[in-house]
Each structure stands twice: as C-alpha cells, then as structure tokens.
Amino acid sequence: MNKNYYAIIMAGGVGSRFWPVSTTEFPKQFHDMLGSGETLIQKTFSRLSNIIPAENILILTNEKYNDLVLEQLPTVNQEQVLLEPAMRNTAPCILYASLKIKKQNPNAVMVVAPSDHWIEDEKAFCDNLQQCFDFCAAENALMTLGIQPTFPNTGFGYIEYDKSDSNPIKKVSQFREKPDYETAKSFLENGNFLWNGGIFIWSVKAIINSFEEFQPQMNALFLEGFDSYNTNKEADFISQNYAKSENISIDYAVLEKAENVFVLPATFDWNDLGTWGSLHEKLDKDENNNAVVNATVLLNNSSSNIISTSKEKLVIIDGLEDFIIVDKDNVLLIYPKSKEQEIKGIVAKLKG
C-alpha cells in the first residue's frame, strides 16, 4: 500500500433526519442502519483500508463520540481520532487534519469522506479513488467524486461540468445549491450535472495552498499550533483555539472560490442514507413496497412504508401509505415520507 495515501473520515454529525433512532448521544454513523452486521463508520473504515494504510486513516469527530469511535474501531489508536471541541462545519476540521498530515508527510495525498454513506461496489469505489489519487499526485488539483443522479433529488447540491469536456476527469464549472424540483429535472435533462456526495481528494500541498489563498485568517489560526501537532501539546492548543474558527463548509470556504476544481463521475452505486426515505430505498421490501427494520408486522392495505422498532414489538397497520413509523425508547414517530426533510426542524424545536 502507498504510504503517501491518507484518509479523513468525518464522523461528527448528528443525523437528525434519522431521529428518533439517530440522536445527539448516539448518531446514525454508529448504528447498523441496514442490518449488515457492521455500523456505517465500520463499513467506511473497512472500505478505505482496502487502498489506504489503516494507520493513515484519521477520524474527525466531536469530543463526546471519542469512546464510541474507539469502541467500534478497535484497531484505531487515540492519536488517529481528532476531537472537535466545538461544532464548526467541515472547513476548520479539514484544515486541522491537513496540517497534522502535512507535518507527518508533506507528500501526502488524501481523501475526505463522510462516515455515513453506503457504497456496495467497493472495488469500483477503490478504482475511482485510485484514479483521483493518481491525478492529484501529479496535478495541483482539488477533486471531488460526483455521483451520477438517478432522479431529480432536491436534497443534494449539484456539480456542473463543461458538457464539451471529453476527459474522464472533468473541470468543474460551478457548484449549484440544492434546487427545487423543476430545476433538478432540468439538471438531469442537461446531462452534465452530478450530485455532490461530499467525497473530496487532493494533495496536502494543494489544499493547504488553497486555505492560504482563500481563508488566510483560518489558516493563520491553525498554523499557530503547527509545532504542537502530533505531540502531547496538540490537545491543549485545539481546545483553546478551535472554537475561534469560522463555522463554514469546505464548499463555501474553498471549493466555490478555487479555479482548479475537478470532478470524476463515479462508477459505483451510492446512497448517502440521509433520511428515512433513502434508507427505504436500500432495504428489502415486501410485495407492497413496505420496508421493515426489526419489527414483526401485520399490514393490511398499506404500502411504501418504512417501519422500525425493537425486535419484540408487534406492529399492526391498516390503510397507511408512504409513511415513516419508528418506535424507539419513549418516542413514537408517525410521519409522511413526503415531509421527511422537516424531521430535522422538529428535533430542533424539541431541543428548544
């Protein structure tokens, strides 16, 4: 395996659209959402370790999930777990991890990947990743893996590339915000739009140069701690300074400003498992398109529902179509799938 290859797994999210199963105390990346025998973070780590030395895989997460990470990834050392003392979106944590990696190996090429995506064809994923690593090792490039859209999804951002570009790796024209349904339909009809899956690849040199150019203040903040990185002084520096960084995504902070952004249209199947509806797509279903997690069910005149409860729970439903039914601890959720994006707002209201 190439010792210059590194990975950053982002595992700090709460996954509130999967409430009440995914909670602040135990988010979805630490659950076996599909009954595969492995949690989502375990699957992600295993997939990346097919191409990247396991000791070069760093996990970025919130302080409160440190024990969960070490419990679920027993081969990982504490030094590989980067703890965020405050929620500051993706740009600060990526810069922090990149500077740590630079100090260890200035020739590194890295992938940044979410911890909660589902990819079945792992060989195709590794082949695509290798293609990106080769490109980024040779070029001053910021890369992303674009997902071929299968329907006009309004829950994802999109990546637009030049239609006339016949190269396998395309120059990105622009990133587009989550569209309304009609706009998403037009994106699919145009044929040169991909879903932004949030998987990024670059050399440590290229990404740090980009932060120097586009985020000089953030870069200066984290550079102050460079001498402490990978030493016993690192934790103190991060706890005192991390919260001073701006709360901003890597897309806004760097990618939308840079001219050297490229995309490889992915050849693997992908699901971001962002909502109950996306989980419904991946689960086995009965003849009426109902998906069941753990529960014992008796269904009548009911279709296209997802039902998730504890194993001993008997659920009897009549006359429901396209609903999310989740029974977890002291919460029962019965909610239309068409409104699943609103669940995040409900969780925020309950906390408020």
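The values are calculated or read from the model by the stated rules, or taken from the named source; none is laboratory data. Model, not experiment: these values are computed from the prediction. A quick note on method: Cβ atoms are made from the backbone with ideal geometry, for glycine too, and the neighbour counts reach across all protein chains shown. Surface areas here come from the heavy atoms of the whole protein model, side chains and all, with no ligands, DNA or RNA. Shrake-Rupley method; radii C 1.70, N 1.55, O 1.52, S 1.80 Å.
Got at least one residue in region 111-120 being in contact with a Lys or Arg (Cβ under 7 Å, 6 or more places away or on another chain), open to solvent by 10 Å² or more (accessible area, probe 1.4 Å) and either aromatic (Phe, Trp, Tyr) or modelled with pLDDT of 95 or more (or both)? Explain how you work it out, then say what you get.
Of all residues in region 111-120, those in contact with a Lys or Arg (Cβ under 7 Å, 6 or more places away or on another chain) come to 116, 118-119.
Checking which are open to solvent by 10 Å² or more (accessible area, probe 1.4 Å) leaves us with 116, 118.
Then drop every residue that is not either aromatic (Phe, Trp, Tyr) or modelled with pLDDT of 95 or more (or both), which leaves 118.
Yes, there is a match, as at least one residue in region 111-120 is in contact with a Lys or Arg (Cβ under 7 Å, 6 or more places away or on another chain), open to solvent by 10 Å² or more (accessible area, probe 1.4 Å) and either aromatic (Phe, Trp, Tyr) or modelled with pLDDT of 95 or more (or both).
Taken over region 187-202, the criterion of being within 26 Å of residue 116 (Cβ to Cβ) and either in contact with a strand residue (DSSP E or B) (Cβ under 6 Å, 6 or more places away or on another chain) or at pLDDT 95 or above (or both) is satisfied by 187, 193, 194, 195, 196, 197, 198, 199, 200, 201, 202. Within region 19-41, the set of residues being touching a Gly at 6+ places or on another chain (Cβ under 8 Å) and either without any contact (Cβ under 8 Å) to a residue 12 or more places away in the chain or within 15 Å of residue 118 (Cβ to Cβ) (or both) comprises 22, 28, 29.
In region 287-307, the qualifying residues are those that are surrounded by 19 or more Cβ atoms within 10 Å (Cβ to Cβ) and closer than 12 Å to residue 318 by Cα, and the one that is nearest to the chain's Cα centre (by Cα) is 305. Does residue 75 qualify as being free of Cβ contacts under 8 Å to residues at least 24 places away in the same chain, open to solvent by 20 Å² or more (accessible area, probe 1.4 Å) and of a type in the set (Val, Ile, Thr)? Against the criterion (free of Cβ contacts under 8 Å to residues at least 24 places away in the same chain, open to solvent by 20 Å² or more (accessible area, probe 1.4 Å) and of a type in the set (Val, Ile, Thr)), residue 75 qualifies. Residues of region 35-58 that are open to solvent by less than 40 Å² (accessible area, probe 1.4 Å), assigned to a loop (DSSP other than H, G, I, E, B) and touching a helix residue (DSSP H, G or I) at 6+ places or on another chain (Cβ under 6 Å): 39, 51. Could you check residue 153 against (1) touching a Gly at 6+ places or on another chain (Cβ under 8 Å); (2) farther than 30 Å from residue 225 by Cα and say which number it fails? Tallying (1) touching a Gly at 6+ places or on another chain (Cβ under 8 Å); (2) farther than 30 Å from residue 225 by Cα, residue 153 fails exactly one: (1).
Restricted to region 154-181, and to residues that are open to solvent by 40 Å² or more (accessible area, probe 1.4 Å) and not in a loop (DSSP other than H, G, I, E, B), which residue is nearest to residue 261 (Cα to Cα)? Break it down stepwise before answering.
First, pick out the residues of region 154-181 that are open to solvent by 40 Å² or more (accessible area, probe 1.4 Å): 154, 162-164, 166-168, 171, 173-174, 176-178, 180-181.
Of the ones still in play, those that are also not in a loop (DSSP other than H, G, I, E, B) are 171, 173-174, 176, 181.
Numbers: 171: 6, 173: 8, 174: 9, 176: 14, 181: 26 Å.
Once the filter is applied, the top-ranked residue is 171.
Go through region 101-112 and report how many residues are in contact with a Ser or Thr (Cβ under 9 Å, 6 or more places away or on another chain) and closer than 14 Å to residue 82 by Cβ. Total meeting the criteria: 2.
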